[in-house]
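The values are calculated or read from the model by the stated rules, or taken from the named source; none is laboratory data. Note that the structure is predicted; figures quoted are calculated from it, not measured. With ideal geometry, Cβ positions are generated from the backbone for all residues, glycine too; neighbour counts draw on all protein chains shown. The area values use the complete protein model at the heavy-atom level, side chains included, leaving out ligands, DNA and RNA. Shrake-Rupley method; radii C 1.70, N 1.55, O 1.52, S 1.80 Å.
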Amino acid sequence: MTLFDFIQLFAKIAVVLGFALTSVPFLVWFERRGSAWMQGRVGPNRVGPFGLLQSVADVLKLFTKESFIPGHVNKFFYVLAPVIALAAPVGALMVIPFGSHVIVFGQKIVLQIAEIDSGLIFLLAFAGLEVYPVILGGWASHNKYTVLGSLRGSSQMVSYEISMGMSILSMLIIYGTFNLQEMVFWQSEKIFGFIPYWGVVVNPIGALIFFIAIFAETNRLPFDLPEGDSEIVGGYHIEYGAMKFGMFFLAEYVAMVMASALISTMFFGGFGLLPGFASLVEFVGTFTSGSPETVQNIQAVFEFVSLLLKVGFFLFVFVWVRWTLPRFRFDQLMDLGWKILFPLSFVNLIVIILVSHFFVK
Amino acid sequence: MATKTVNVSKPYTWSEKIYLLAIVQGLLITLKHFINGFFLRKHNTIMYPEVRREYSDRFRGAHFISIDRNKTENCTACYLCQTVCPAECITIVAGERESAHNPDGVKKEKQPVKFDIDALRCCFCGFCEEACPKDAIKLSGKYEMAITSREEAKYDLVYLKREVKGRG
Ligand code: SF4
Ligand code: SF4
């Protein structure tokens with residue numbers, strides 16, 4: 001590994017982690033103010049301009065609290081759980097491509113931290129880890145409410161992971177690759193020249209199932225059963241305090257960012273330019289020397305912006321749905337998971353297999 | 001007359017069962033509210049310390065004892081309010097008023113030497129105000145009654161005789 005490789009890798013990690021982690025305080029702020037706007041309230045607006053520093057104040061408060069470990073917990077797993085909670089979505093972000101490539105000093109830099117062919121498998125492995133903090137944290141806390149919460153969380157994730165896997169399988173059959181970069185290039189064409197050839201257009205039912213499952217996967221409302229203030233006090237993280245609770249809190253939002261990035265990459269064209277951005281690239285290109293390298297770099301910037309816009313939109317949808325829908329009862333959740341989504345995704349998968357076998361190529 | 005049973009429950013229609021339509025409707029409603037809040041800045045919140053809610057004149061807040069033009073309290077220590085108070089939170093010690101302090105003659109021969117109201121026990125029912133024959137004790141419109149110690153919850157004569165404009 002040359003020095004150049006090292007530096008470019010470091011820069012890419014800095015960009016991705018920087019965007020993912022700095023978006024969290026903003027997201028927390030938006031969650032609170034967005035919910036307020038939807039409910040005709042104002043929300044936090046005193047700390048800093050528009051209340052933007054509210055989440056900073058919250059984190060400062062969590063930091064200065066006593067980091068207390070109750071005497072009756074299994075210390076190793078108790079401490080491990082929030083670490084996994086944060087590490088899993090961050091690890092999954094490593095394979096999300098955030099641009100095609102830029103050319104610096106004549107060298108091509110692919111805008112993806114880990115350029116591995118089995119990118120999707122890697123991503124799913126890490127996303128699947130997200131159930132561990134719920135189980136570990138709940139079990140290690142030695143508290144009946146946390147155990148109830150983690151049991152709910154694990155059964156919910158197991159039932160939704162299957163339909164999610166089915167819809168991903170159907171997409172894999174369509175794309176014919178595990179490589180997320182190639183998936184995005186596959187989606188870059190247009191139908192009739194204006195409808196983008198995104199995964200959601202090709203396989204809308206798969207996209208819908210995936211979208212529902214990702215809500216269960218990230219434990220967001222309407223599927224936030226592991227937490228339940230009314231019936232199981234707080235859920236799997238009752239026994240956590242100070243920054244260890246803060247890490248769970250942070251992890252929820254990083255997981256949201258990861259889930260939004262995954263949805264946009266798999267079903268909404270990933271870093272592919274949004275409609276209309278192509279002419280924007282040309283327009284900006286006229287102000288420069290117009291060499292292919294500069295044009296490519298400009299395009300990469302706009303691709304990154306496109307991905308950010310898509311991710312931002314899905315983050316908005318996460319918040320939007322949370323403050324619209326009431327939560328499901330546990331049996332309704334299981335009904336939906338096993339009796340509706342599972343058969344639907346299965347039938348969808350078989351239809352996709354048959355269609356792609358007999359009609360395509 | 002025979003009872004007529006009306007069964008209003010009906011099976012879900014196909015579109016209701018799918019549930020997604022209802023979700024979209026709900027999302028549109030919250031989006032409307034979001035736009036109202038975000039772009040049009042419409043909200044029902046009263047920005048409290050800067051803006052205060054207007055309560056009606058009948059609001060029953062912190063007590064006060066009305067005073068006449070000589071700054072003498074109107075109370076004659078008749079104990080009616082202490083007797084009627086359901087929470088038993090008024091404690092009066094009566095005494096004789098020196099005639100020098102009573103330029104109006106025999107009108108106010110008695111005076112309260114001590115007049116304590118324990119605001120922590122008070123239920124702000126307003127019975128004391130109704131019972132008072134001299135219109136002395138009254139409930140003002142003051143609703144900010146937060147305190148930092150129990151002692152401050154005891155309204156003594158000095159506090160009760162504070163100047164209150166209108167209903168305060
Ligand atoms: S308002 Fe009611 S409870 Fe309070 S002092 Fe008067 S009579 Fe007693
Ligand atoms: S406040 Fe009124 S009711 Fe109470 S003792 Fe004085 S005069 Fe009597």
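Quick look at the numbers
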read-out: Residue in region B:45-55 that is more than 10 Å from every other protein chain (Cβ to nearest Cβ), in contact (Cβ under 8 Å) with a residue 24 or more places away in the chain and under 22 Å from the mean Cα position of the chain (by Cα) present; value: yes
read-out: Positions within region B:31-53 being loosely packed, with under 12 Cβ neighbours inside 10 Å and assigned to a helix (DSSP H, G or I), in sequence order; value: B:Lys32
read-out: Scope region A:58-102; condition assigned to a helix (DSSP H, G or I) and touching a Ser or Thr at 6+ places or on another chain (Cβ under 8 Å); matching residues; value: A:Tyr78
read-out: Members of region A:321-361 found to be assigned to a helix (DSSP H, G or I), exposed (fewer than 15 other Cβ atoms within 10 Å of the Cβ) and within 14 Å of chain B (Cβ to nearest Cβ), listed by number; value: A:Gln332, A:Asp335, A:Lys339
read-out: Index of the failed condition, B:Leu28 passing every other in (1) open to solvent by 100 Å² or more (accessible area, probe 1.4 Å); (2) outside any loop (DSSP other than H, G, I, E, B); (3) more than 14 Å from every other protein chain (Cβ to nearest Cβ); value: (3)
read-out: Criterion violated by A:Pro226 - all others in (1) within 30 Å of A:Val79 (Cα to Cα); (2) part of a helix (DSSP H, G or I) satisfied; value: (2)
read-out: Considering residues of region A:284-320 that are closer than 30 Å to B:Gln25 by Cα and in contact with a Gly (Cβ under 9 Å, 6 or more places away or on another chain) only, the residue surrounded by the most Cβ atoms within 10 Å (Cβ to Cβ); value: A:Leu307
read-out: Candidate set: region B:75-98, residues that are more than 10 Å from ligand 1 (Cβ to nearest atom) and open to solvent by less than 30 Å² (accessible area, probe 1.4 Å); chosen: the one farthest from B:Arg121 (Cα to Cα); value: B:Arg97
read-out: Cβ-Cβ under 7 Å pairs, at least 6 apart or on other chains, region B:107-119 side farther than 12 Å from B:Leu157 by Cα, far side at pLDDT below 85 and more than 11 Å from ligand 2 (Cβ to nearest atom); value: B:Lys108/B:Thr72; B:Lys108/B:Arg97; B:Lys108/B:Asn102; B:Glu109/B:Arg97; B:Lys110/B:Arg97
read-out: Filter result for the condition that a residue is without any contact (Cβ under 8 Å) to a residue 40 or more places away in the chain and either closer than 30 Å to A:Ala11 by Cα or of a type outside the set (Asp, Glu) (or both), over A:Pro204, A:Pro196; value: A:Pro204
read-out: Residue that is farthest from the other protein chains (Cβ to nearest Cβ), among those in region A:33-57 that are without any contact (Cβ under 8 Å) to a residue 60 or more places away in the chain and surrounded by 19 or more Cβ atoms within 10 Å (Cβ to Cβ); value: A:Ser55
read-out: Search result, residues across region B:58-74 that are within 16 Å of ligand 1 (Cβ to nearest atom) and exposed (fewer than 11 other Cβ atoms within 10 Å of the Cβ); value: B:Arg58
read-out: Selection count, region B:135-160, where residues are within 12 Å of ligand 2 (Cβ to nearest atom) and surrounded by fewer than 16 Cβ atoms within 10 Å (Cβ to Cβ); value: 1
